[in-house]
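Below is one structure, written out as structure tokens, with a few remarks after it.
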Amino acid sequence: MDIMEKIYAKAKANPQRVAFPEATEEKILLAARQLQDDGCCAPVLLGRPEEIRSAASQYGVSLENIEVVDAYDEVFIDKVVSDYVAVYPLFSAKSMKRRANADPLYTALMMEANGLVDVTFAGLIHTTGDVIIAAQAIIGMKEGVTAVSSSGIFSIPGYDGSEGSLLGFGDSAVCVDPTAEDLAGIAISACETISALTDWEPRCALLSYSTCGSGTGRMVDKVVEAVKIANEKRPDLAIDGEFQLDSAISPEVAAKKVQRPSKVAGKANIIIWTNIDVGNVGVKLVQQFAGADAYGPFLQGFNKIVCDCSRSSPVTELVGNVVMSCVRAQRNG
């Protein structure tokens, strides 16, 4: 059973409720139908019911056993907003109702904050920036995390690391130039995200062009500080560095370069890039030269699970991303 088969089995064992605020999109409707049929989650389609049903009819998608919620029903909105502001009094009911009436994404996120759904999924109409801004405002950030980020999992043909062909990574997609505190948060979040999906005991290496002081410079100092912050915030997690890539994943190299005890050196199952430049190039190098699959990116850092997708994503990818988000929500819950 490969990693995705295991993740699908986990999702089916405890189906989560997933809000889709872009419910008139063909790919969303097709994905919701497949997810419902496969028993991976309970889709909740948000919008104007007549428009959702019209779109479903147009695209030949049955809505049987799929919940459709009128995101503009006054009584429903008033209840969602009232329950939300009772817990999050920073916002007024008037302002939240205005947001809900303008965009079902905000209704979905308030429903998630209220515990009515477990995941919010968007990205075909909304940009990544739209999703992140809304989620930051409505769901909020986890304590100790200063920046939204992402993580992913490589499946690398021919690689024989501490988890076989698999290797977690972050952040390659969201946080452009993280500070030391941001980098610590990315490492902590990546440990939580990837552990939720794989059940691994995280061993997280913060990468650099230096291993244990072999090089100097501003970027090295940032990584060293990030490791210190991460260890202070989460001493229960094995987070270490600064390591060059080979020192992080090769026991033989680590034995030569890391002259101190480390739970991570040489056997890291998660690597953290210094910034998005390194992350983006790193992912594409592994994909192009090793023929690797890169699952993700998974948005992380929020109090609850919010999933963003690319507008070019095929339905199969949407389904996979929803399933992985549901497994994360199981752990988060």
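The values are calculated or read from the model by the stated rules, or taken from the named source; none is laboratory data. These numbers were taken from a predicted model, which means no experiment stands behind them. Positions of Cβ are generated from backbone atoms using ideal geometry, with glycine treated the same way; all protein chains shown enter the neighbour counts. When the accessible area is computed, the model is the full protein with side chains, heavy atoms only, and any ligands, DNA or RNA have been set aside. Shrake-Rupley method; radii C 1.70, N 1.55, O 1.52, S 1.80 Å.
One residue stands out in segment 158-202 among those that are of a type in the set (Val, Ile, Thr) and in a helix (DSSP H, G or I): the one that is surrounded by the fewest Cβ atoms within 10 Å (Cβ to Cβ), namely 198.
Only one entry in 149, 155 is in contact (Cβ under 8 Å) with a residue 24 or more places away in the chain, of a type in the set (S, T, N, Q) and either crowded, with 23+ Cβ neighbours inside 10 Å or touching a Gly at 6+ places or on another chain (Cβ under 6 Å) (or both), namely 149.
Among the residues here, residue 124 qualifies as open to solvent by less than 30 Å² (accessible area, probe 1.4 Å), modelled with pLDDT under 95 and either outside any loop (DSSP other than H, G, I, E, B) or touching a helix residue (DSSP H, G or I) at 6+ places or on another chain (Cβ under 7 Å) (or both). State whether the residues of segment 159-179 include one that is among the aromatic types (Phe, Trp, Tyr) and farther than 17 Å from residue 328 by Cβ. Yes; the residues of segment 159-179 include at least one that is among the aromatic types (Phe, Trp, Tyr) and farther than 17 Å from residue 328 by Cβ. Within segment 291-298, is even one residue closer than 15 Å to residue 151 by Cβ, open to solvent by less than 10 Å² (accessible area, probe 1.4 Å) and not hydrophobic (A, V, I, L, M, F, W, C)? No, because not a single residue in segment 291-298 is closer than 15 Å to residue 151 by Cβ, open to solvent by less than 10 Å² (accessible area, probe 1.4 Å) and not hydrophobic (A, V, I, L, M, F, W, C). Among the conditions (1) in a strand (DSSP E or B); (2) over 19 Å from residue 186 (Cα atoms), residue 117 misses just one, which is (1). Would you point out the residue of segment 241-276, among those that are over 19 Å from residue 215 (Cβ atoms) and touching a residue at least 60 places away in the same chain (Cβ under 8 Å), that is most open to solvent (accessible area, probe 1.4 Å)? The qualifying residue most open to solvent (accessible area, probe 1.4 Å) is 263.
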